[in-house]
Ligand SMILES: [Zn+2]
């Protein structure tokens, strides 16, 4: 079985096109429902077609291009950038905004704090006894 593709659209239009006109045209063509069009033109990826062969997907993308809209043709394992929502194949870096995904994942984790830091915070908000009654503070 050959790989299947999806056509994903997130509101990208040709540089000289009016997004409102493109939006109306896509809705008139039945490519986008009103709800999908709201999502896409807010910059969030919408899957327009799935289960396409590469050939079908490219044909679909060309059809959209004639309506001044740009979609991404992606294999099933795509994801959206957490910062700009641009849909893309898995990789290390966002092809749109350049976000390094590994760094973003690191930043999203809560910072590791020492017991002393937590105790200091508790002290600041009035917990005088803080954590001193337990095991000795580390760090
Ligand atoms: Zn991005």
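Just so you know, all these numbers are worked out from the coordinates, no wet-lab data involved. A quick note: this is a predicted structure, and the numbers were derived from the prediction, not measured. Counting neighbours? That spans all protein chains shown, and the Cβs are built from the backbone with ideal geometry, glycine included.
For a Förster distance of 25 Å, can you work out the FRET efficiency between the beta-carbons of residue 29 and residue 75, rounded to the nearest 0.05? Before the final figure, lay out each step's value.
On the way: r = 25 Å, r/R0 = 1.00.
The value I calculate is 0.50.
To the nearest 0.05, what FRET efficiency results for residue 90 and residue 59 with a Förster distance of 30 Å applied to their C-beta separation? Mind dumping the intermediate values first?
Working: r = 25 Å, r/R0 = 0.82.
FRET efficiency, residue 90 to residue 59: 0.75.
Once you keep just the Cα pairs under 8 angstrom separated by 6 or more residues, what percentage relative contact order results for the chain? Working shown, then result.
Working: 188 pairs, mean separation 33.7, N = 139.
This gives 24 percent for the chain.
May I ask for the Kirkwood hydrodynamic radius of the chain, worked out over all distinct Cα pairs and given in angstroms to one decimal? Write out the running numbers ahead of the final one.
On the way: mean 1/r = 0.0547 Å⁻¹.
Its Kirkwood hydrodynamic radius stands at 18.3 Å.
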